[in-house]
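Note sheet for the following structure.
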Amino acid sequence: MKKILFFLPLLLGMAACQEGKQPQGAHSDVPVKNVIYLIGDGMGLAHLNAAMIESEEPMALERAQYVGLQKTTCTTNKVTDSAASGTALATGTKTYYGAIGVGPDTARLTSILEKAAANGLATGLVATYRITDATPAAFIAHVKHRSEEEEIAAAFFETPIDVFIGGGRARFEQREDGRNLSQELKEKGYQVVYTMEDLAPIQSGKIAGLMHEGHLPRIINGRDPDYLLDASLKTLDILSQNDKGFFVMIEGSQIDGGGHANNIEEVITETYDFDKVVKATFDFADANPGTLVVVTADHETGGLTLPAQGAGVRYHFSTGGHTGVMVPIYSYGAGAENFTGIMENTEIPIRMMELLGL
Ligand code: MG
Ligand code: ZN
């Protein structure tokens, strides 16, 4: 009896471990059909680590089956911005600081989203910041500088993207050129919505969700805590109706802001918000074999470290800007084993495109 009691916690631990590490969606022999690309803007290892320390339960991201590291430098700067790193993560080409979807010579590049759409896959973009901000913009637009957000909004007409949801409505409706892109989107067949209440009943078709004039508020300033999860679930619902598969990029946009503000509460609340989407997409991969989920960041923000303070930790930021440290890549589901080791950020979309046969 004594022996059994001794081994019981060990056996339970093993069972829990196996349950977590061998989900049905993980079979690597199933060809990749769907790619879910999750980018936590500015989410370095210490950001996740801080959230883990403060969480009473394991984070969903701890279920990742494989972990790798990516180098984030761009062609002009050792420490990148979200435009150059977004372009690298979207197109597989390194470029200069501030560039959106163009190379070092400003020539137009092609993103994984554009290739997926051209090959008949359903495509989507979801963010908590403006949908015209650097990270999502790098997947759809081609401009010399990230500040050209009216041009970026107009780029949503160049690719037959199925669903995009985020902030940035002013760039579509209050434009210097006088165009009302929301009206034009409706004429193109999009269901244009401004609220989650209007988004909820939509079951099919194209969706443009312009949920805020600018960017949505931070969680600590009152953003609907279900916004990112519900927008992501709706997007998966719609995109998965395409038999050929889909590509979607979902951004936890505001982890970066917490780093810039050196505000640990903001970092942790935004990381938890993003982790809810990680859980939902890992669960989706379990239920839908052939789904690959890759979670990464574009760079680290804030130079966050966790030095000892007595028996606990203190959250110490070393800068109000970005840093050049490598950021982790977490992968799950079909083809997840391809994202281990140390690689350039550009390798991630290149490997995804190979797996999707693009
Ligand atoms: Mg971003
Ligand atoms: Zn930033």
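Side notes on the structure shown:
- In this structure the chain gives 41 Å² per residue of accessible area when probed at 1.4 Å with all protein chains present.
- Cα convex hull volume per residue for the stretch 106-231 (Å³): 111 Å³
- For the chain, modelled as a GNM whose springs connect Cα atoms under 10 angstrom apart, the maximal fluctuation among Gly214, Gly222, Gly40 occurs at Gly222.
- Area accessible to solvent at Arg314, 1.4 Å probe radius, in Å²: 100 Å²
- Peptides 107-113, 154-160, 176-182 ordered by packing proxy, namely the average of other Cβ atoms within 10 Å per residue, highest first: 107-113, 154-160, 176-182.
- Relative compactness, the stretch 185-249, computed as alpha-carbon Rg over 2.2 N^0.38 Å: 1.20
- Across Leu228, Leu358, Leu45, the residue with the most accessible area heads the list, and the full order at a 1.4 Å probe is Leu45, Leu358, Leu228.
- Using just its DSSP H runs of length 4 or more, each adding -39500 (n - 2.57), the chain gives a mean residue ellipticity at 222 nm of -10000 deg cm²/dmol after division by all residues.
- A probe of 1.4 angstrom, applied to the heavy atoms of all protein chains, finds Lys115 with accessible area near 70 square angstrom.
- The chain: equivalent-ellipsoid semi-axes (sqrt of 5 x gyration tensor eigenvalues, Cα, Å): 32, 24, 20
- Heavy-atom surface analysis with a 1.4 Å probe gives the stretch 100-256 a carbon and sulfur content of 45 percent of its accessible area.
- Under 14 Å, Cβ to Cβ, from Ala153 - net charge with Lys/Arg +1 and Asp/Glu -1: -4
- Whole-angstrom gap from the stretch 327-357 to the stretch 223-292, using each part's C-alpha centre: 18 Å
- Charge dipole (debye, nearest 20) of the chain; +1 at Cβ of Lys and Arg, -1 at Cβ of Asp and Glu: 720 debye
- The chain: most fluctuating residue of Asp162, Asp41, Asp29 per GNM, C-alpha cutoff 10 Å: Asp29
- Annotation: average projected area of the stretch 207-358 is 11.1 square nanometres, based on the convex hull of Cα atoms across all directions.
- Counting only protein heavy atoms and a probe of 1.4 Å, the accessible surface of the stretch 38-82 is 51% carbon and sulfur.
The values are calculated or read from the model by the stated rules, or taken from the named source; none is laboratory data. Note that this is a predicted model, so its numbers are computed, not measured. Cβ coordinates were reconstructed from backbone atoms using ideal geometry, including for glycine residues, and neighbour counts include every protein chain displayed. Heads up: the accessible areas ignore ligands, DNA and RNA and are worked out on the full protein's heavy atoms, side chains in. Shrake-Rupley method; radii C 1.70, N 1.55, O 1.52, S 1.80 Å.
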